[in-house]
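Everything below concerns the one structure shown next.
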Amino acid sequence: MRIVAIAYLTFLAAPVLLLALGAFGESWSNTLLPSGFTGRWFAQVAGDPSFRRAFATSLEIVGSTCVLNLLIGLPLAYAIQAGARGGVRVAARLVTLLPVAVPELVLAFGFIVVFSSDALPWLGSFWLLAAGHLVMTLPYTVTALTADMDQLRLDEFEHAAATLGASFAARIRDITVPLLGPSLLSSTLTVAALSIGEFQLSNLVSGFLSRTYPVVLLQAFYGATGFACAATIVLLALAVTASLASSLTARLAGANRRKTAA
């Protein structure tokens, strides 16, 4: 078992390590490892207008996707948790998870068919791309929130508050949102990590002015290898940072809850 684990970790880490080496290598052509050492590739990535524009677009898409997840994910999770019972709740959760099961290419082709028509000529627009990212990431937000609602027994707290005369708005403001705060933060960071690295749908749906960083990154591999490696490391660093922040937030939230329970 240990050998299998080591082999898997090696297989997983080797491409990342080679990318990191290539990002600082002077040249890399038909050899296992690059030769020389330089930091100019990162400077070229930072100075490239198309990459700067794509980086800004990606941040805007990520920000919009996170906000939309909060505005839609919390009410949807609350409705599933509070309003659905038995088989209806199971069916609602299955429908919510459909975007995870459906391949991104299928979703992208559906967007192309629907939103390239004369009635809905929105293909290539910023907000259509943001909507696509929302569809793909919303299941993670809803799943995390509904699981937390179950674990925290949110319905018992709300029932107690309702018997004391608290209105629906007061219960949401004073009970639901504060209790779900760590889960909202953790799920938002997970959404950011997923959105920043999304490629398949963005490549097919985005327009010239709304191309995200991963879409522009693909073009870099037709040029200098060091430049492409440096650009990839930037994207990887952003995704890993968001993932680690999400994991740390969830762990701290769990530790605080155990302390409170004790």
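Once C-alpha pairs closer than 8 Å and six or more residues apart are averaged by separation and normalised to the residue number of the stretch 12-143, the relative contact order reads 23 percent. Potential lengthening of the chain between S167 and V16 amounts to 49.1 nm, from the contour at 0.36 nm per residue minus the alpha-carbon distance. Based only on Cα atoms, what mean projected area does the convex hull of the stretch 128-262 have, in nm²? The number I arrive at for the stretch 128-262 is 10.5 nm².
Roughly how many debye, to the nearest 20, is the charge dipole of the stretch 1-128 about its Cα centre, given +1 on each Lys and Arg Cβ, -1 on each Asp and Glu Cβ, and no other charges? Using only the charged Cβ atoms, the result is roughly 460 debye.
From the square roots a ≥ b ≥ c of the eigenvalues of the alpha-carbon gyration tensor of the stretch 1-139, which class results: rounded (a/c under 1.5), prolate (a/b over b/c), or oblate?
Numbers: a/c = 2.60, a/b = 1.55, b/c = 1.68.
In terms of gyration-tensor shape, oblate.
In Å², and per residue, what accessible area does the chain have when probed at 1.4 Å with the other protein chains present? Spell out each step's value before the answer.
Working: 14770 Å² over 262 residues.
Per residue, the chain has an accessible area of 56 Å².
For the stretch 66-141, the fraction of 1.4 Å probe accessible surface lying on carbon and sulfur atoms is 79 percent. Projected label points at V177 and D48, each 7 Å from Cα along the beta carbon direction, are separated by 4.2 nanometres.
Each residue of the stretch 48-62 was assigned a 3J(HN,Hα) from its phi angle through the Karplus expression (A = 6.51, B = -1.76, C = 1.60, θ = phi - 60°), giving 7, x, 5, 6, 5, 5, 5, 5, 5, 5, 4, 5, 5, 5, 4 Hz with x at Gly and Pro.
Taking the Cα centre of the stretch 142-225 as origin and assigning +1 to Lys and Arg Cβ atoms and -1 to Asp and Glu Cβ atoms, the resulting dipole is close to 340 debye. Charges were assigned to the Cβ only: +1 to each Lys and Arg, -1 to each Asp and Glu. The resulting dipole of the stretch 62-189 about its Cα centre is roughly 140 debye.
The simple Förster model, with R0 at 51 Å and r as the Cβ-Cβ distance, assigns A237 and F157 a FRET efficiency of 0.80.
Label-to-label distance, V95 versus S117, with points set 7 angstrom from Cα along the beta-carbon direction: 2.1 nm.
From its DSSP helices (H runs of at least four residues, each -39,500 (n - 2.57)), the chain gives a residue-normalised ellipticity at 222 nm of -25000 deg cm²/dmol.
Separation of the stretch 1-60 and the stretch 91-112, taken as the distance between their Cα centroids, equals 31 angstrom.
Determine, from the Cβ-Cβ distance of L218 and S29 and an R0 of 25 Å, the FRET efficiency 1/(1 + (r/R0)^6), rounded to the nearest 0.05. Efficiency, from the Cβ-Cβ distance: 0.80.
Applied to the stretch 28-41, the Karplus parametrisation 6.51 cos²θ - 1.76 cosθ + 1.60 on θ = phi - 60° returns per-residue 3J(HN,Hα) values of 8, 8, 6, 10, 5, 10, x, 10, x, 9, 7, x, 6, 5 Hz, with x for Gly and Pro.
At q = 0.08, 0.11, 0.17 Å⁻¹ the log10 of I(q)/I(0) for the chain amounts to -0.44, -0.77, -1.29, computed by Debye summation with a single uniform scatterer per C-alpha, solvent ignored. When the charge dipole of the chain is built from unit charges on Cβ atoms (+1 for Lys and Arg, -1 for Asp and Glu) and taken about the Cα centre, the candidate among L134, G73, V62 whose Cα reaches farthest toward its positive end is G73. Distances between placed amide hydrogens fall under 5 Å for S27 paired with S35, all partners being 5 or more residues away or on another chain. Taking packing as the residue-averaged number of other Cβ atoms within 10 angstrom, the listed peptides 40-47, 130-137 run from highest to lowest as 130-137, 40-47. With contacts taken as Cα pairs under 8 Å at a separation of at least 6 residues, the chain carries a relative contact order of 29 percent. With the dipole of the chain worked out from charges on the C-beta (+1 for Lys and Arg, -1 for Asp and Glu) around the Cα centre, which of A242, V95, F199 lies farthest toward the positive end? Of the options given, the answer is A242. Taking θ as phi - 60° and the Karplus parameters 6.51, -1.76 and 1.60, the scalar couplings of the stretch 185-193 work out to 5, 5, 5, 5, 5, 5, 4, 4, 5 Hz in sequence order, x denoting glycine and proline.
Can you tell me, using C-alpha contacts under 8 Å and at least 6 residues apart, the relative contact order of the stretch 106-262 as a whole percent?
So the answer I get is 29 percent.
Kindly sort T232, T10 by accessible area of their heavy atoms, largest first, with the probe set to 1.4 Å.
Numbers: T232 25, T10 80 Å².
The ordering from most to least exposed comes out as T10, T232.
The values are calculated or read from the model by the stated rules, or taken from the named source; none is laboratory data. This one's a predicted model, so the numbers in the text were calculated from it and none came from an experiment. Note that we place each Cβ from the backbone using ideal geometry, even for glycine, and neighbour counts take in every protein chain shown. For the accessible areas, the whole protein counts, side chains as well, though only heavy atoms, and no ligand, DNA or RNA atoms are used. Shrake-Rupley method; radii C 1.70, N 1.55, O 1.52, S 1.80 Å.
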